[in-house]
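The values are calculated or read from the model by the stated rules, or taken from the named source; none is laboratory data. Bear in mind the structure is a predicted one, so any value in this text is a computation, not a measurement. Glycine also receives a Cβ, built like all others from the backbone with ideal geometry; neighbour counts cover every protein chain displayed.
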Amino acid sequence: MHDGDGNAVRITLIKAKLAPGSGYFKPKAGLKWYAAYMRVRNLSNHKLDDCADNDAEFTGSNNAQYGNALFADLKPELGCFKLLPGRTLEGWVAWEMPKRINPRFIDWTMDSGFADETATWKL
């Protein structure tokens, strides 16, 4: 996948699951957290500076998109990163959604969603 700045990356979905929360944070009543463990590899010749929380969008069975679960507290969290050429990072990205909605897709668009290409995984 490429972005508008000449960055080339390989994004891989490793696994996806319900996220129960931690001892301090849990989903609000009527909501659940769903998380994806992702791998990002920088295939370009320069540093990649991006944020997984802005790149990844989650679509539910009602065809609506849902925002990130900021307090899901899954480690390692992918979050924002600076990735040198040839290096790889892995971590969790989590979303908050109503309990009655099933997960359908993850869409990943580089540059905080402004790149021309999008990778999609059906869940």
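Look at region 64-80: where a residue is among the small types (Gly, Ala, Ser) and a partner is modelled with pLDDT under 90 and part of a loop (DSSP other than H, G, I, E, B), sitting 6+ places away or on another chain with Cβ atoms under 9 Å, you get Ala69/Gly21; Ala69/Phe25; Ala69/Pro27; Ala72/Gly21; Ala72/Ser22; Ala72/Phe25; Ala72/Pro27. The set of residues from region 76-122 being within 23 Å of Asn62 (Cα to Cα) and small (Gly, Ala, Ser) comprises Ala94, Gly113, Ala119. Restricting region 1-10 to residues that are buried (at least 18 other Cβ atoms within 10 Å of the Cβ) and within 20 Å of Trp121 (Cα to Cα), the residue that is modelled with the lowest pLDDT is Asp3.
Quick check on Ala16: is it aliphatic (A, V, I, L, M), out of contact with any Pro (no Cβ under 9 Å at 6 or more places or on another chain) and in a strand (DSSP E or B)?
Values: aliphatic (A, V, I, L, M): yes; out of contact with any Pro (no Cβ under 9 Å at 6 or more places or on another chain): no; in a strand (DSSP E or B): yes.
When the stated conditions are applied, Ala16 does not pass them.
Condition test on Glu77, is it on the phi < 0 side of the Ramachandran plot, modelled with pLDDT under 90, surrounded by 12 or more Cβ atoms within 10 Å (Cβ to Cβ) and touching a strand residue (DSSP E or B) at 6+ places or on another chain (Cβ under 8 Å)? Here the answer is yes, as Glu77 does meet what is asked. Among the residues of region 57-69, just one is modelled with pLDDT of 90 or more and of a type in the set (A, V, I, L, M), namely Ala64.
In region 81-111, which residues are surrounded by fewer than 13 Cβ atoms within 10 Å (Cβ to Cβ) and modelled with pLDDT under 90? Matches in region 81-111: none. Scanning region 57-82 for residues that are under 10 Å from the mean Cα position of the chain (by Cα) and over 21 Å from Lys28 (Cβ atoms) yields a count of 2.
Number of residues in region 17-74 that are surrounded by fewer than 15 Cβ atoms within 10 Å (Cβ to Cβ), hydroxyl-bearing (Ser, Thr, Tyr) and over 17 Å from Thr120 (Cβ atoms): the value is 2.
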